[in-house]
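A quick write-up on the structure given underneath.
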Amino acid sequence: MSKIDLSNFEKKIVVRNITHADFEQIFKLQNVCFPNMQPWKQEHLESHLDIFPEGQFCVEYDGQIIGSCSSLVLNFDEYDDKHTWDDITDEGYITNHNPDGYNLYGIEVMVDPEFQGMKIGKRLYEARKDLARRMNLKSIIIGGRIPNYHKHQYELTPKQYVEEVTNKNIYDPVLTFQIMNGFSVMRINPKYLPDDKASAQYATLMEWNNIEYLPQTKRHFKTAFPVRITVIQYMMKRIESFEEFAKQVEYYVDVAYDFDSDFAVFPEIFTTQLMSFLDEKVPSKAIRKLAEYTEDYIALFTDLAVKYNVNIVGGSHFVEEDEHVYNIAYLFRRDGTIEKQYKIHVTPNERKWWGIQPGNQVGIFNTDCGKIAIQICYDIQFPELTRYAVDQGANIIFVPFCTDDRQGYLRVRYCAQARAVENQVYTVIAGTVGNLTQVENMDIQYAQSGIFTPSDFEFARDGIVGECNPNIETVVVGDVDLEILRRQRKSGTVRQLRDRRRDLFEIHYQGNS
């Protein structure tokens, strides 16, 4: 008898975080588990992974997804006692996820009926418990279905049914399981899931307490998350060398440092100031000469961000890549890392004079002050970009701009303020002033840079944190509070993010190319 190959008998089961590659299997699993209920949409699962990937788990058995669960973090005390599933999940998109919250809220668990008895549900619940311990959360809260209640709804009230299940007189596949896994009933919520006919739309609100939770003082008293921003309204004037440019730039970064700023923001294509000493009059050639300074520009701003401990939105710069020229904004983090955002919508002037090509990637960048996005000048005039960025978690939209007249400036300003109101987000515009008489197509500049907020009682009366005087070289410094923004999105006078009619319209981002 030959030696037995044990690999022929092995089965591999693993609990892991969900990836994009799992979506199709999860859709199929949901149709099997909840055939009469509204399934996830692609954009729901994408939002889960963009916002809180650590809270999305699946069980894989020999390459097949046989169980999954989803969750988010929040401060449960902020929600109404009679909240619905849509309330607690922002209609399934979990954009209300609060990484500084106290409670993990479970919004769905699925187990393939063919694999029941293999403790799949327990594995998923244990994964949630481990996550709650790692994140030092107070508890896990779930809105549990009671799918056998429809068999008893004419002789028992929901409260009586729950008591009978708790006393082991009635078996309910969900409630019984949750009790066995250490969850206790807090209350019963009506109309929790409108399409859950088996539960007669009722749900049991249940909680598992993390006995290892350690209170953290900074979270106990956190009432604000201020972010200080210095906006540089930069004067375009003739210079003689890159060193002179670097000296001016460092001066303004030093100003931002003196104000203890988290961000310093420069204007769009302010590096065209370098063209004032380049001996080239043909715009298309001059722009490629300017692009030769790209490495010097990146090295300068990287050093300044680290030296002065400030995140720098480095305006934008013309960069040559694969024989094409792009208008690119760079984020120089104070930890020395760098991101870049291509200008997506190119103006007729940029095409005519410089042959600028559009980018195709919408970037959402993590910083030590939360997620931000950069939209270069013309891009802020296309509302879909801001809507997408905010859906992906951005709290501040930085808008480096360069306009030559008041009408052009007002287009940028009005749109930045509109985006702040529409999306309950902060917007920051930074523009150039002065003139470059020696440079073709950079003759005059007009700007009044500023920091804008949504329009509600929690913010400045006119939605303006601060603004520069027009057309002079100066800075404006202002604080935006991310905690106020978070609360206002949840309970403001109007709630554009939550009240959007996703059943009527939505943005389908085509992806990066």
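Divide the volume of the convex hull around the Cα atoms of segment 367-482 by the residue count and you get 108 Å³ per residue. In a reduced charge model with +1 at each Lys and Arg Cβ and -1 at each Asp and Glu Cβ, the chain shows a dipole moment near 1300 debye about its Cα centre.
Most simply put, segment 305-358 has about 85% antiparallel DSSP beta bridges, counting only bridges with both residues inside it. Given a 1.4 Å probe and every protein chain left where it sits, what share in percent of the accessible area of segment 224-340 is carbon and sulfur? Within segment 224-340, the accessible surface is 47 percent carbon and sulfur.
Report D for the chain in µm² per second (integer): Stokes-Einstein, Kirkwood Rh on Cα pairs, 10 °C, 1.306 mPa s.
On the way: Rh = 25.6 Å.
For the chosen part, D equals 62 µm²/s.
Cross-link reach is defined here as a Cα-Cα straight distance under 30 Å, omitting same-chain residues fewer than 8 places apart; for LYS168 the lysines meeting it are LYS82, LYS119, LYS122, LYS129, LYS138, LYS151, LYS159, LYS191, LYS197.
With q set to 0.16, 0.22 Å⁻¹, the log10 of I(q)/I(0) for segment 153-290, from the Debye formula over equal scatterers at the Cα positions, is -0.95, -1.25. Restricting the trypsin sites (Lys or Arg not before Pro) of segment 139-216 to loop positions (DSSP other than H, G, I, E, B) with no more than 10 neighbouring Cβ atoms within 10 Å leaves LYS168.
How long are the three semi-axes of the equivalent ellipsoid of segment 355-420, in whole Å, if each is the root of 5 times an eigenvalue of the C-alpha gyration tensor, listed from largest down?
For segment 355-420, the semi-axes come out at 21, 14, 11 Å.
Atom-type composition of the exposed protein surface of segment 395-513 places 47 percent of the accessible area on carbon and sulfur (1.4 angstrom probe).
Rounded to the nearest whole Hz, the Karplus-based 3J(HN,Hα) values (6.51 cos²θ - 1.76 cosθ + 1.60, θ = phi - 60°) of segment 237-248 follow the sequence 8, 5, 10, 10, 6, 5, 4, 5, 4, 4, 5, 5, with x at glycine and proline.
The fraction of accessible area contributed by carbon and sulfur in segment 74-201 is 51 percent, rounded to a whole number (1.4 Å probe; ligands and nucleic acids excluded).
Just for the chain, what percent of DSSP beta bridges are antiparallel, to the closest 5? Walk me through the intermediate numbers first.
Working: 61 of 87 bridges.
Antiparallel bridges make up about 70 percent of those DSSP assigns within the chain.
If you take the alpha carbon atoms of segment 307-373 and fit the smallest convex hull around them, that volume is 97 Å³ per residue.
Distance distribution P(r), segment 452-513, all Cα-Cα pairs, bin width 5 angstrom from 0: 3, 14, 17, 16, 13, 13, 12, 9, 2, 0 percent.
Ranked highest first by the average count of other Cβ atoms within 10 Å around their residues, in what order do 244-254, 279-289 fall? Mind dumping the intermediate values first?
Details: 244-254: 17.4, 279-289: 15.1.
For the peptides 244-254, 279-289, the packing ranking is 244-254, 279-289.
Treating the angle as unsigned and between 0 and 90°, give the value, to the nearest 10°, between the Cα long axis of helix 294-307 and the longest Cα principal axis of the chain. On a 0 to 90 degree scale, this one is about 60.
Looking at segment 252-330, what % of the alpha carbon pairs are farther apart than 22 Å? Write out the running numbers ahead of the final one.
Details: 902 of 3081 pairs.
Roughly 29 percent, once rounded to a whole number.
Working note: Cα atoms of segment 106-200, range along each principal axis, descending, whole Å: 44, 32, 28.
Just how much of VAL319 is accessible, in Å², when a 1.4 Å probe is used and the result is rounded to the nearest 10? Approximately 10 Å² of VAL319 is accessible to the 1.4 Å probe.
Take the chain with all the other protein chains still there, run a 1.4 Å probe, and you get 46 Å² of accessible area per residue. Normalised by the number of residues in the chain, the average gap of Cα pairs under 8 Å and 6 or more apart makes the relative contact order 11 percent.
Could you give me the percent of Cα pairs per 5 Å distance bin for segment 22-150, shortest bin first, beginning at zero and ending with the bin that holds the maximum distance? P(r) for segment 22-150, in whole percents per bin: 2, 10, 21, 23, 22, 14, 7, 1, 0.
Percent of alpha carbon pairs in segment 245-384 separated by more than 18 Å?
Values: 5364 of 9730 pairs.
Every Cα pair in segment 245-384 considered, those over 18 Å come to 55 percent.
The values are calculated or read from the model by the stated rules, or taken from the named source; none is laboratory data. Since we're looking at a predicted model, the values are computed, not measured. Neighbour counts run over all protein chains shown; Cβ positions are idealised from the backbone, glycine included. Just so you know, the surface numbers come from the protein's heavy atoms only, side chains and all, with ligands and any DNA or RNA stripped out. Shrake-Rupley method; radii C 1.70, N 1.55, O 1.52, S 1.80 Å.
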